[in-house]
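The values are calculated or read from the model by the stated rules, or taken from the named source; none is laboratory data. This is a predicted model, so every value here is computed, not measured. Reconstructed Cβ throughout: ideal geometry from the backbone, glycine too, with neighbour counts over all protein chains shown.
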Amino acid sequence: MNAVAWAYLAYGLMAAGALGIYFALPRGGRINRAAALLFGAIAAGGILLVMYQGLGDTARPSVVFAVFSLLAVGSAARVITHRKPVYSALYFVVVVLATSALAVMAGAEFLAMALLIVYAGAILVTYVFVIMLAQQSADDPESLSMVDYDANSREPATAMLAGFVLAATLSGLFIQRKWPSVAAIEEPAGNTVAVGQELLARYAIPVELAGVLLMVAMIGALAIARRHLPNDMLPARPPELPVGEIGKTVEPF
Amino acid sequence: MTTAPQLMFIGAILFALGVAGFLTRRNLIIMFLCTEIMFQGILLNLVGMGLMRGNLQGQAVGLFVLVVAAVEAGLGLAIVVMLYRRRGTLDAEKWSLMRG
Amino acid sequence: MPSQTYAIWILLAPLLAAVLIGAVGLRGLRDKSHWLAIGGVAAALVLALMLFGQIRAVPEEARADIFTRSHKIYEWFRPGFGGLASLKWFDFEFRIDPLTGVMLVTVLSVSLMVVIYSSGYMRDHHGHPERGYERFFAFLALFIFSMCLLVLAGNFVLLYVGWELVGLCSYLLIGFYYPKPSAAAAAKKAFIVTRIGDFGFAMGIFLIFWRCGDVSFAYVFSQAGLAKLVGWETPVALLLFCGAVGKSAQLPLHTWLPDAMEGPSPVSALIHAATMVTAGVYMVARCGAIFTESPTAMATVASVGAITAFFAATIAITQFDMKRALAYSTISQLGYMFLGLGVHAADAAVFHLFTHAFFKSLLFLAAGSVMHAMGGCIDIRRFGGLAKGMKVTAFVFWVGGLALAGFPFLSGFWSKDEILHAALGVSLPLAIVGYVTALLTAFYTFRLIFIAFHGPLKLPQGVEHAHESVPAMTIPMLLLSIGAAGAGYIGLQHGGKLNELLRTVLVGRLEEHAPGMAHVMSPEAAMAMSGVLSAIGILSAWYIYRRKPMIAMAAAFAMRGPYELIKNKYYIDELYDAVIVRPLHDLGKFCYGFDRYFINALLWIITAIPRAAGFMLRSLQQGAIQGYAMGMVIGLLVIVVAVLSAT
Amino acid sequence: MDFVTSHILSILIFLPIVGAACLWVFPPRAAASIRRAAFGISLATMAVAIAATVIYYSSSQDDVRAVRVGKLGLVEQHDWIGESGMPNPPRERCHETPLLVQFYVGVDGISLPLILLTSLLTPLAIWASFHAIQDRAKEYYSLFLLLFGAMLGVFCSRDLLLFYVFFEFTLIPMYFLVGIWGGANRRKAADMFFLYTFAGSVLTFAGVLYLGWKTYATGGGSLRFDLDSLYRLAAQGHLSATEQTWLFLAFFAGFAIKVPLFPMHTWLPLAHTEAPTAGSVILAGVLLKLGTYGFLRMSVPMLPEAAVNCASWLAVLSVVGIIYGSLAAWVQTDMKKLVAYSSVAHLGFCMLGMFSLKMEGLTGSLLYMVNHGLSTGALFLCVGMIYERYHTREMSKIGGLARRMPVLTFFFVFFTLSSIGLPGLNGFIGEVLVLMGTFISHTAQRGSPAGPLGPLYAAVAGTGIVLGAVYMLFLCRKVLFGPLHEPEDHAEHEHDAGALPIDLTAREVSILVPIALACLYIGIAPKPLFELVQPALKTQVLARVEPAMKPEGSFARVAGRPLAVAESASTERSARVR
């Protein structure tokens, strides 16, 4: 099969996946679970097929690689289709785990660990906290029923179309591409040391800037979250001394 | 021979999934999760590109992606909390002050 | 002492007085402010007399050189830079010659009298100064400074400076009683109407500058300067004459002068009779070298003068406001002067200017004295027979009136006769107009005198009895009456010292320009004729207003139409208002409306384009995050496709 | 000390800007200290400006004093963007066209009077705000100082792009000054002011870029914007007549709106009326001069052919503006609006004189800029002082103030007279020279070729003198003279705490006195000013325009007596020596 045929196959598979997610998306009533599963399975199979055969003359990934790939894609699909935010968050943990596994297999151990620590350890915890903060309390009877914006999607068809076109275009790009063969990266002292040297040698200033960015964000988050009440509920400013008419009613600029 | 194409393929699919989710879900928190999925896709792509080129720049830049993701999560979620306090809802469609 | 030092101090004395009064008058001097003014003007007068003595002492053969010299004080500003010729500065320079000397003496002597008079006039009957007393003297001193500057100026631009400054002082002094709306309006009118004339004057100066490249009298009136003006004399002279018309209140710009009587009487006497209004005459006399080269200009000057003289005299007959009547008389007499200038008798014109300054300021001061006694009333219908109570005032009014009427052997007789005689030599119609006007002059002057001073005593309401003014007012009037009676003897027609002296600088005496001119009358016959005419005028006034008052009324009734026309000053004010002022004001409104409705509408249309575009694109802005995200995805796809198709 | 003297212009420009930043150390409630500090900074800047003048006067080269030959002085030249001295890159690398923008400043006799004017008016304007501005003092005064620095920068710049940056930067503080501290309709006024002027100067920017590209294309090595190179373009014939015309129009768009020339003036009455007093003073006194200065410094010498060709059109617009502005001023009922329309008329005179392209007219035009700044600025101050007491600008509501406020009346009349060109005061000199220059423009004489205008223009514009007297005296009569008439509610406010006394305070008198003295000085003994201005106008402007003018005017040919043609030939050569 030539690349063009593979590409058309991939388009079909992407369409199947998009359909599957379309059926799986929450939209008020019952979900057509069967259709979702069917199309999802077709898409998963197709992904495997493309991965092993469609990407030109590259190395064939291992079974473990394939499993983690499917796990990542499937969990991501669940994140965007699950009705309950908490479950979405948990599925996202799975995505992160799978991704870091893939990274390990690609030789990026340090990045994989950082990914695990930062995402699973920090970011996801924040998400869960926020989800808990942002749900009605347990005494509230309504909290048991689904809120409207979780139960209903917004224009699922258009969104899926956009996602499909994007995925299809990118896949087509990958499939038709002539992949170059390159030498493996030399890492005499191991991946961590190599990445560290790379960061501090080539990216020293961006690293510093990233530190600054983190600090700014921290302060920003504090400043935003500290504000308890909207402005109009704050006590009024004390009245000012009477002044001349010029510049009397001044508005901030 | 590496698995770079496969990594990038999976990354692209993750990215597309994130986009689709971002477009269709209305819960602000889930939308943020979708952006995180997109980040994952990009990370995988970066790793793949690094492999393809035979250097470590992909991984190094990947770390910056992590930083941005962390910052985005911190600030974004703070905003979400604030917005939720104001209106008592997480519905993205309720926030449309910029409608022309 | 060199003559320019005199000139500087003549200027500085009144200027310092003005500045000092302005600086300390408000706090310290108050009702003693007049001493500074009197001191300054007296000092200037003494200096002017000394200067005049010096001018007279210049030997005959040196005159041509010395009198055309320019006395440079400092460099003022320069028009150009770069070329050699245009390196020349406009200097602050003086010209000192007999004309200047005569003007200075005239101006300063009348000024001194008026300033002294004012110290009595600007008070109420208890001797308390009026509000703004010190301001009055500061302005007066400033005026005297400006007038001296005008006559001393050695170039056209400096002449223009004095010209405008006297206009300013006139504005300030007419508006002295500024809370009175009519005074404020009259001041504004005076300034603006004269400015219309000044516009022409300025254009004339530009024309001279364009042709000659210089504005100094010393150059322009020299052979070289006049050579460059060849062919351009008529426009130059006519434009300059515009300025004179405005300043000297000739037709058609005469309307401001009667209104200017809103000012205090001393101001009317000094500025609007004796000095400022004669600046036009002075200027035309000064520029005689240009005017005499252009027959057209001379004819224009003479006819404008003659027509104005007659025209104003007719109005003067019908006025009941004593000062206004005198103001029209001033216009009429100024017309005589221009007639004189136009018929190549510049020396006679300046002579008349000289005598007129005395008798007309005397008349105004006397009118002021009457007004002071009548509690501010000046309408001759409301008082009469004042001669009994106000002997001095009545006496000086008689002297001034006789001089104005050209009664034989008083000053006005000599000077007016000289003008008329010269006119006879040039144009019979103009001379006839002049003689008729002489008759009218005698008539209206004595109309005033007989109504106001003779007959049964009649006083306006609120005035118990007519009492004579204080010595501070009567003494200057008496002194001036000496001048009014005797000033003519300085310049007796033939062989008069004054005329002799003036002729050394004034260009274009009759004989030179019209050698073969036919004399209609001998000088003696002309003299006799004007004396007879003035006597007829006086007698008829006596007959009509003392003997048969009904005649005046009957005549007025019989010729209602013409009477009303003349009484309302030929409706010229109304005409100007309807033809010039109102249309211009409406045009202003139109301009403002054009701004607001047309230009801004255009702007609205231009700005409507982006506004409409925004309105159309607005629906794209949904406000929802996902909408924007969709846009981003589409953009991303476009980029991907573009990259794809490129590689 | 040497550093100071050699960097005096940088100090001059940045002192107020740094000062504006320094104001922020004060606590916001310390309004009194803030305004005192702002006033002090502005006075210091004024001192620096005077020092710069003195240094320029004493500077000489080869025993020739710079001021005598109108040469540039106090020059500072640093690369700002790009570097100078680079060779022209090869053709294939032309997409890397190097940009060269310099911080290039210098003064000559054209800019110094305007710098002095700015540094006289701004401290006085700041001083005049002491009572009127109580709210948000820190923002107000720091914006004012920023404006000060930007205005000085415009007059000092010798690099077109630097000029443009400063030129545009003045908009920002002024926008806020009008928009925040203005009158009732301030928002609209500020928006209109900003958009109007900005729309024009965007087109100017296109012209600026084109000129920069042209310097590169003709071998300048990079996109240069320094005036020396730009002047050279036309002088060496690199700009065709068509190019010049289009560039002239581009510059015209920016400058004419700023001036403002009829019919682009409608922003001015609104902005003047709504701005706070000090804002109006600066707006009229200095900001309008940026436009005329732009014409004088950029359009005329840089695009001489276009200037000669377009002069009659500009003159027509100016003359229309003179009459139109005067008439429109006459029918106003709002004092400030009246003075604002008078600015339209006055600036018409200014433009007319400039485009006579004669020394007389150019000198008059430059002096007119200064004079208008002094007299109109002072009139706005006077109107502001009345406003602070009566809270109205309507002429129908007040009248006869001479009785209540004799001191104010004195100054008001004084500046009115200065504004209508009374001899002995400043206005006269400018007016007479402008009209004189216009009048004689058409003839080639005394070393200068024939200019584009003629007596007709002067005659029509001369009616503006009469109309000027009409509307200004109308204002005086309405407001100062006549029976006393005050707003009904005035008595209630009269005894409020913090209300001003009836007549002027010592502070207000001290604000007006320096301006009055300057008016008298220019009116009576302006010789030093002429010696400063005229050589500079000759070398910087006339020497560059005159080659584009016809050697002999059409009018003179008709008259049949061309004057001093031979004389002009010899002197013209000497005039071009720099």
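Mind counting the residues in the range D:50-71 that are free of Cβ contacts under 8 Å to residues at least 12 places away in the same chain, aliphatic (A, V, I, L, M) and either over 15 Å from D:Leu529 (Cα atoms) or assigned to a strand (DSSP E or B) (or both)?
Residues meeting the conditions: 1.
Hey, can you tell me all the residues within the range D:395-447 that are crowded, with 24+ Cβ neighbours inside 10 Å, part of a helix (DSSP H, G or I), among the small types (Gly, Ala, Ser) and facing another protein chain (nearest Cβ under 9 Å)?
Hit for the range D:395-447 is D:Gly437, nothing else.
When the range C:36-59 is examined, which residues are found to be part of a helix (DSSP H, G or I) and without any contact (Cβ under 8 Å) to a residue 40 or more places away in the chain?
Keep residues of the range C:36-59 that are part of a helix (DSSP H, G or I), which gives C:36-57.
Scanning the range C:36-59 gives C:Gly39, C:Ala43, C:Val46, C:Gly53, C:Ala57.
Before we move on, is C:Leu584 part of a helix (DSSP H, G or I), closer than 30 Å to C:Ala64 by Cβ and modelled with pLDDT of 75 or more?
no
Would you call D:Val434 touching a residue at least 60 places away in the same chain (Cβ under 8 Å), closer than 30 Å to D:Pro276 by Cβ and under 23 Å from the mean Cα position of the chain (by Cα)? Even if it seems obvious, please write down each step before you answer.
Numbers: touching a residue at least 60 places away in the same chain (Cβ under 8 Å): yes; closer than 30 Å to D:Pro276 by Cβ: no; under 23 Å from the mean Cα position of the chain (by Cα): yes.
Considered against the rule, which asks whether it is touching a residue at least 60 places away in the same chain (Cβ under 8 Å), closer than 30 Å to D:Pro276 by Cβ and under 23 Å from the mean Cα position of the chain (by Cα), D:Val434 comes out as no.
Scan the range C:399-416 and tell me whether some residue there is at pLDDT 80 or above, under 21 Å from the mean Cα position of the chain (by Cα) and not small (Gly, Ala, Ser).
yes
With respect to C:Ala346, determine if the residue is out of contact with any Lys or Arg (no Cβ under 9 Å at 6 or more places or on another chain) and more than 24 Å from C:Ala260 (Cβ to Cβ). Break it down into steps so the answer makes sense when it comes.
Numbers: out of contact with any Lys or Arg (no Cβ under 9 Å at 6 or more places or on another chain): no; more than 24 Å from C:Ala260 (Cβ to Cβ): yes.
Taking the combined requirement at face value, the residue does not satisfy it.
Suppose we keep only residues that are buried (at least 22 other Cβ atoms within 10 Å of the Cβ) and aromatic (Phe, Trp, Tyr) within the range C:177-198. Which one would you say is farthest from D:Ile398 (Cα to Cα)?
Filtering first and then ranking leaves C:Phe191.
Kindly evaluate A:Glu208 against the criterion of being more than 9 Å from chain B (Cβ to nearest Cβ), assigned to a helix (DSSP H, G or I), surrounded by fewer than 13 Cβ atoms within 10 Å (Cβ to Cβ) and modelled with pLDDT under 85. Steps first, answer last, please.
Numbers: more than 9 Å from chain B (Cβ to nearest Cβ): yes; assigned to a helix (DSSP H, G or I): yes; surrounded by fewer than 13 Cβ atoms within 10 Å (Cβ to Cβ): yes; modelled with pLDDT under 85: no.
In short, no.
Mind checking which residues of the range D:125-145 are within 14 Å of chain A (Cβ to nearest Cβ), hydrophobic (A, V, I, L, M, F, W, C) and either assigned to a helix (DSSP H, G or I) or more than 20 Å from D:His391 (Cβ to Cβ) (or both)? Steps first, answer last, please.
From the range D:125-145, those within 14 Å of chain A (Cβ to nearest Cβ) are D:125, D:128-144; that's our starting set.
Imposing the further condition that a residue be hydrophobic (A, V, I, L, M, F, W, C) reduces the set to D:125, D:128, D:130, D:132-133, D:137, D:143-144.
Across the range D:125-145, the qualifying residues are D:Ala125, D:Ala128, D:Phe130, D:Ala132, D:Ala137, D:Leu143, D:Phe144.
Spot the failing condition for C:Ala299; the list is (1) farther than 26 Å from C:Ile544 by Cβ; (2) surrounded by 24 or more Cβ atoms within 10 Å (Cβ to Cβ), and only one is missed.
With respect to (1) farther than 26 Å from C:Ile544 by Cβ; (2) surrounded by 24 or more Cβ atoms within 10 Å (Cβ to Cβ), C:Ala299 is out only on (2).
Please determine whether any residue of the range B:62-72 is over 17 Å from the mean Cα position of the chain (by Cα), more than 20 Å from A:Ala101 (Cβ to Cβ) and at the interface with another protein chain (Cβ under 7 Å from one of its Cβ atoms).
No, the range B:62-72 contains no residue that is over 17 Å from the mean Cα position of the chain (by Cα), more than 20 Å from A:Ala101 (Cβ to Cβ) and at the interface with another protein chain (Cβ under 7 Å from one of its Cβ atoms).
Any idea how many residues of the range D:290-326 are within 13 Å of another protein chain (Cβ to nearest Cβ) and crowded, with 24+ Cβ neighbours inside 10 Å?
Residues flagged as within 13 Å of another protein chain (Cβ to nearest Cβ) and crowded, with 24+ Cβ neighbours inside 10 Å within the range D:290-326 amount to 5.
So which residues in the range C:186-236 are touching a Cys at 6+ places or on another chain (Cβ under 7 Å) and among the hydroxyl-bearing types (Ser, Thr, Tyr), if there are any at all?
Listed by number, the list holds a single entry, C:Tyr219.
Could you grab me the full set of residues in the range C:201-215 that are of a type outside the set (Val, Ile, Thr), more than 9 Å from chain D (Cβ to nearest Cβ) and closer than 23 Å to C:Ala302 by Cβ? Let's see the steps before the verdict.
The first filter runs over the range C:201-215 and keeps only residues of a type outside the set (Val, Ile, Thr), leaving C:201-204, C:206-207, C:209-214.
With the extra rule that they be more than 9 Å from chain D (Cβ to nearest Cβ), the set shrinks to C:201, C:204, C:212, C:214.
Residues satisfying the conditions are C:Phe201, C:Gly204.
Condition (residue is in a helix (DSSP H, G or I), acidic (Asp, Glu) and either more than 17 Å from A:Thr99 (Cβ to Cβ) or more than 7 Å from every other protein chain (Cβ to nearest Cβ) (or both)) applied to the range B:31-39: is it met by at least one residue? Break it down into steps so the answer makes sense when it comes.
We begin by selecting, within the range B:31-39, every residue in a helix (DSSP H, G or I); these are B:31-39.
In the following step, the residues that additionally are acidic (Asp, Glu) were identified as B:36.
Now narrow it down to the ones that are either more than 17 Å from A:Thr99 (Cβ to Cβ) or more than 7 Å from every other protein chain (Cβ to nearest Cβ) (or both): none.
Taking every residue of the range B:31-39 in turn, none turns out to be in a helix (DSSP H, G or I), acidic (Asp, Glu) and either more than 17 Å from A:Thr99 (Cβ to Cβ) or more than 7 Å from every other protein chain (Cβ to nearest Cβ) (or both).
Cβ-Cβ distance below 6 Å, separation of 6 or more or different chains: which pairs start in the range A:7-28 with a residue that is of a type in the set (A, V, I, L, M) and end on one that is not in a helix (DSSP H, G or I)?
A:Leu25/A:Ser153
What are the pairs, 6+ residues apart or on separate chains, where a residue within the range C:396-423 that is crowded, with 24+ Cβ neighbours inside 10 Å has its Cβ under 6 Å from a residue that is charged (D, E, K, R)?
If the second residue must be charged (D, E, K, R), the pairs left are C:Gly406/C:Lys416.
Of all residues in the range C:466-480, how many are among the aliphatic types (A, V, I, L, M), more than 25 Å from the chain's Cα centre (by Cα) and not in a loop (DSSP other than H, G, I, E, B)?
Count: 3.
Taking the options C:Gly376, C:Gly389, name whichever one is more than 19 Å from C:Ser118 (Cβ to Cβ) and either out of contact with any Gly (no Cβ under 7 Å at 6 or more places or on another chain) or surrounded by fewer than 24 Cβ atoms within 10 Å (Cβ to Cβ) (or both).
C:Gly389
Would you confirm whether or not the range B:35-43 contains a residue that is under 23 Å from A:Val93 (Cβ atoms) and free of Cβ contacts under 8 Å to residues at least 24 places away in the same chain?
Looking through the range B:35-43, at least one residue is under 23 Å from A:Val93 (Cβ atoms) and free of Cβ contacts under 8 Å to residues at least 24 places away in the same chain.
C:Ala269: within 30 Å of C:Tyr133 (Cβ to Cβ), surrounded by 24 or more Cβ atoms within 10 Å (Cβ to Cβ) and in contact with a Ser or Thr (Cβ under 9 Å, 6 or more places away or on another chain), yes or no?
Taking the combined requirement at face value, the residue satisfies it.
I'm trying to understand the selection: among the residues of the range A:74-116, which are of a type in the set (Lys, Arg) and part of a helix (DSSP H, G or I)?
A:Arg78
How many of the residues in the range A:1-58 are assigned to a loop (DSSP other than H, G, I, E, B) and more than 22 Å from B:Leu23 (Cα to Cα)?
Going through the range A:1-58 one residue at a time, the tally reaches 6.
Can you spot a residue in the range B:43-54 that is in a loop (DSSP other than H, G, I, E, B), out of contact with any Lys or Arg (no Cβ under 8 Å at 6 or more places or on another chain) and at the interface with chain A (Cβ under 8 Å from one of its Cβ atoms)?
Scanning the range B:43-54 turns up at least one residue that is in a loop (DSSP other than H, G, I, E, B), out of contact with any Lys or Arg (no Cβ under 8 Å at 6 or more places or on another chain) and at the interface with chain A (Cβ under 8 Å from one of its Cβ atoms).
Among the listed residues C:Ala187, C:Ala218, identify the single one that is touching a strand residue (DSSP E or B) at 6+ places or on another chain (Cβ under 9 Å) and more than 7 Å from chain D (Cβ to nearest Cβ).
Answer to the check: C:Ala218.
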